[in-house]
Structure formats: C-alpha cells, structure tokens
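See below for the structure under consideration.
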Amino acid sequence: MAFSIVGLALLSLVSVSLAAKECPKIVTQKTFDVTKYVGLWYEAFRTDIIFELGSRCVNATYTPNPDGTVGVWNQAVNWLDDYTSIRGTAKVKNASEPAAFIVTFDNPIQKGDYNVITSNYVDYALVYSCENIPIIDIKLEFIWFLSRTKTMSDSVVNELKKILTDMGVDVGTLTRTAQNC
Ligand SMILES: *[C@@H]1O[C@H](CO)[C@@H](O)[C@H](O)[C@H]1NC(C)=O
Ligand SMILES: *[C@@H]1O[C@H](CO)[C@@H](O)[C@H](O)[C@H]1NC(C)=O
C-alpha cells in the first residue's frame, strides 16, 4: 500500500473515480500513539488501482526511527508472481495532527499522504489518501484497510466502510486483497 501516490498517478487515472469532485475534508485520529501503531500490518482491502493490479500478499512493516519519523517497508507478490518490496519514510506533517503523515519513497521517488482515519492498533487501521488534480479536475483517492492478521472480520469491514460513507467517500472501488501466500 502507499506504493505511489504521485509517481504513478497517470497510470491510475482510468481506474480512479473520474468524477469531478474535490477531496473530502477528512478528520484523522485525534489521539494517535505511533509507538502502538508501528509493527506489521496486512493489507485487507484497497481501492483497486492499476499500479497494484494483481498484487497480493501485501504487507507493511512500520518501524520507529530515532528522529521521530517512521520507516516504511512494503512487501508484496506482484502480478508476475515475483516478490517486490519498497522502503520509505513517513513523517508527521504537523504535530497538531499526529495521524496525518507524508510518506516518501526513494526508489522510485514518490510521495503521498497517509492519513490514519481510525485504528485501534491491535486489529485494524483505516488509511486514506486523496489528491486533487486541478487541471483535469479529478481526484485521486486511495483507501487501505489494514489488519494485524491476514483476515478482517465482516463486522470490522462494514464499520470501516460506514465511516468512509459518512465522510462522503465512495466505497465501491474497495477490493479485498488476496493473502494467499
Ligand atoms: C510479507 O509479505 C511478503 C510478500 O508477500 C512475504 O514474503 C512475507 O512473508 C510477509 N511477511 C509476513 C510476516 O507475513
Ligand atoms: C500546524 O497546525 C496548527 C493548528 O492547526 C496551525 O496553526 C499551524 O499553522 C500548522 N503549522 C504548519 C507548519 O502548517
């Protein structure tokens, strides 16, 4: 997840909502303890976006860095059945909003928002990113449901979808990530 927001944005245009709508105003988790958030997460659902097409067994490992940033290590099996991984760094944008990050990847250079809308640290996390593309008047929206285990219960899935719907976000493009490795 969060493999790319900007770098591969063009590839994603056809699959991302083409509606000329602005990104919604979002509220990230107010009380956020990053030391409880770090560790291993499995991708349970994601918006079906072309650059991740076919990737499965996706997981993310977050590691606290001494300078307060968070190391990001995303791993997956791609559509060619090859193992892939990418490393980056997540940084809080403004200390007043501790669950709103910018993630930067070095190779290839990419960056994007990473907003934790809600997480109880031990089971689930809902991560949201949205970017307005002004000239062509669309938004690029990315949603990830993360789970501490390879599965996510239907009740949690429905709860997270309801949160998105209440935010005015279309949940129609959410697809379950195969965790069959
Ligand atoms: C994370 O994903 C990679 C790629 O699918 C896999 O090789 C690795 O075993 C996974 N890690 C865990 C702890 O499941
Ligand atoms: C951080 O957030 C506070 C409160 O919303 C705001 O007043 C301040 O300007 C922000 N700082 C930066 C660097 O954006």
Dipole check, the chain, charges on Cβ (K,R +1; D,E -1), about Cα centroid: among Val34, Leu146, Gly88 the Cα furthest to the positive pole belongs to Val34
Once the Cβ-Cβ distance between Thr149 and Asn94 is put in as r, and R0 is 25 Å, what FRET efficiency do you end up with, to the nearest 0.05?
0.20
Which of Lys21/Lys91; Lys91/Lys162; Lys111/Lys162; Lys36/Lys150 exceed 24 Å between C-alpha atoms? The answer is Lys21/Lys91; Lys91/Lys162; Lys111/Lys162
Given H placed on each backbone N at 1.01 Å, which residues far from Thr149 in sequence or on other chains put an amide H within less than 5 Å of it?
Tyr42
How many nm is it between the label spots at Lys21 and Arg176, if each spot is 7 Å from the Cα in line with the beta carbon?
2.5 nm
Segment Trp73-Leu40, length gained on full extension (0.36 nm per residue, minus Cα span)
10.9 nm
Quick one: which residues, 5 or more positions from Gly39 or on another chain, have an amide H under 5 Å from its amide H? H modelled 1.01 Å from N in the peptide plane, none for Pro or chain starts.
Tyr62, Thr63
Could you go through the stretch 172-179 in sequence order and give the Karplus-derived ³J(HN,Hα) for each residue, using 6.51 cos²θ - 1.76 cosθ + 1.60 with θ = phi - 60°, rounded to whole Hz, and x for Gly and Pro?
x, 8, 6, 10, 5, 8, 5, 10
Work out the length of the dipole vector of the stretch 80-181 about its Cα centre, built from +1 on the beta-carbon of each Lys and Arg and -1 on the beta-carbon of each Asp and Glu, and round it to the nearest 20 debye.
260 debye
Relative contact order as a percentage, the stretch 9-176, C-alpha pairs under 8 Å and 6+ apart, gives 26 percent
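State whether the chain is rounded, prolate or oblate according to the following rule on the C-alpha gyration tensor (a ≥ b ≥ c being the square roots of its eigenvalues): a/c under 1.5 gives rounded; otherwise a/b larger than b/c gives prolate, and the remaining case gives oblate. Present the calculation step by step, with values, prior to reporting the outcome.
Details: a/c = 1.16, a/b = 1.08, b/c = 1.07.
Rounded shape, in that the Cα axes give a/c under 1.5.
Values quoted throughout were computed directly from the atomic coordinates according to the rules given, and no laboratory measurement underlies them. For clarity, every value in this text was computed on a predicted model and none was experimentally measured. Every residue, glycine as well, gets a Cβ built from its backbone with ideal geometry; the counts of neighbours run over all protein chains shown.
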